[in-house]
Structures are given as structure tokens and as C-alpha cells.
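In what follows, a structure is listed as C-alpha cells, so that the remarks can point back to it.
Readers should treat all values here as calculations from the given coordinates under stated rules, not as data from a laboratory. The model shown is predicted, which means the values in this text are computed figures rather than measured ones. Methodologically, a virtual Cβ is constructed for each residue, glycine included, from the backbone with ideal geometry; neighbour enumeration extends over all protein chains shown.
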């Protein structure tokens, strides 16, 4: 895993989770990773009936501010899975 320089203070994983939950209230969020590279799994009813691209856009939209700029805490989302609750 590479290291990505950032001036972000605090837990990036917690910031990702909080940002997604702000936009998707019922989301169950799992975040793993470090060094600017993260894998995210989001489970929510909001994805029901949506295609993969639309579902992923919702998540990326929620964390866009964490990916903006040269010193952004999230350099890459290596994997993003969206699921509907069973």
C-alpha cells in the first residue's frame, strides 16, 4: 500500500463513514485501508432498483470533498461495493 501525504487530522475511515451516513441515512458502511487508498462497502435500501453506476455515484458524491485537492485524505477508492439489504 502506498503512502499519500495529507494534512487531514483524525481518522479518515471515520470521516468517510460519517460523510456517507450524512447523505445516505440508513447506510451500513464498512471502510478498510490506509495511506490514501480505501475499500468501501455500503449497504442501503436507497440502492434498490438503481444500477451500479448510479449507486456508486451516490457514494462518490458523499465523499467527494475528501477526495478533492492535492492533500486530500482519500487518494483512491480501490474497491467500492454497494449492496441492498437482504
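The table below lists the values:
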{"quantity": "Selected residue [crowded, with 19+ Cβ neighbours inside 10 Å and either on the phi < 0 side of the Ramachandran plot or within 10 Å of the chain's Cα centre (by Cα) (or both)] from 28, 42, 53, 84", "calculated": "42"}
{"quantity": "Region 3-27, residues that are touching a residue at least 40 places away in the same chain (Cβ under 8 Å) and under 19 Å from residue 78 (Cα atoms)", "calculated": "4, 5, 6, 12, 15, 16, 19, 20"}
{"quantity": "Positions within region 8-25 being surrounded by fewer than 13 Cβ atoms within 10 Å (Cβ to Cβ) and either more than 13 Å from the chain's Cα centre (by Cα) or assigned to a loop (DSSP other than H, G, I, E, B) (or both), in sequence order", "calculated": "9, 10, 11, 25"}
